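Chemist: Here it is, the structure, as structure tokens.
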Amino acid sequence: MAKVSVGLRGWRFDEDEVFTEDGEWAPLDEMPDDARNRLLRLGLLMDQPCDACYLEYGEAEKKRANPAAIVYGEPGDEVLLCDDHEPDFLYWFREEGGSELAGEEQFRDEFHEWFVADNRAPEGYGPDEHVEEAPSELPNLPTPEEAQRRLEQAVDFEEKRYDLRAAESEGEDDELDVADLDLDTEYPSGE
């Protein structure tokens, strides 16, 4: 199973989880939750500026910021970077303790604070070589509007799939009949 980056480098997906055999997008409701959430989040991040550039130029001059090419971190707490600032992030992550914050809420904020304090990677500190296999053969990412629409559909799907009490209270007969469920089943515990 091949790993692929989609849209921005950094987050990698199992190709067979996000694409069909024909190279089309897999249906969102058939993707694992993590892949679907990251993919939908990418649709919203695609046209955003590099965090480090934005911190350098500020809101007034954000048009000078390079567009993001790389994403690191977890959805909602990610760091967006251009090629020029990736070495700074990697230095912070590898040499300045950033790796200890991986998965933590303060991950992005700590990098921002480090960067704003005029910390940078030493001259010549470079990123790893990125391997991009046939990026032109991958389907285009959805536009931010399409990603938002898909996210809303996925949320609707999740609510219909898991909100059994709402289905019962609304009297939706075409939904799962909660009365038919055996909720008294005892499952073995790991003790």
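Chemist: Those residues that are over 30 Å from residue 64 (Cα atoms) and in a helix (DSSP H, G or I), I need them from the stretch 20-50; list them, please.
Modeler: 28, 29, 30, 33, 34, 35, 36
Chemist: While we're here: Could you tell me how many of the residues in the stretch 51-80 are within 16 Å of residue 7 (Cα to Cα), aliphatic (A, V, I, L, M) and in a loop (DSSP other than H, G, I, E, B)?
Modeler: Final tally of qualifying residues: 2.
Chemist: Would you check which residues across the stretch 20-38 are buried (at least 16 other Cβ atoms within 10 Å of the Cβ) and in contact with a Leu (Cβ under 8 Å, 6 or more places away or on another chain) and list them?
Modeler: Within the stretch 20-38, 28, 31, 36 qualify.
Chemist: Does residue 88 satisfy being out of contact with any His (no Cβ under 8 Å at 6 or more places or on another chain), charged (D, E, K, R) and in a loop (DSSP other than H, G, I, E, B)?
Modeler: No; evaluated as a whole, the condition is false for this residue.
Chemist: A further question follows. Among 56, 15, 24, 30, which is the only one that is acidic (Asp, Glu) and within 26 Å of residue 121 (Cβ to Cβ)?
Modeler: Checking each option against the conditions leaves just 56.
Chemist: How many of the residues making up the stretch 8-19 are surrounded by 20 or more Cβ atoms within 10 Å (Cβ to Cβ) and not in a strand (DSSP E or B)?
Modeler: Count: 1.
Chemist: Specify which of the listed residues (59, 17) is of a type in the set (Asp, Glu) and farther than 18 Å from residue 108 by Cβ.
Modeler: Only one candidate passes the filter, namely 17.
No lab work stands behind these numbers, since they all come straight from the coordinates. Bear in mind that the values here come from a model prediction, so they are computed numbers and not experimental data. Every residue, glycine among them, receives a Cβ derived from its backbone with ideal geometry; neighbour counts consider all protein chains shown.
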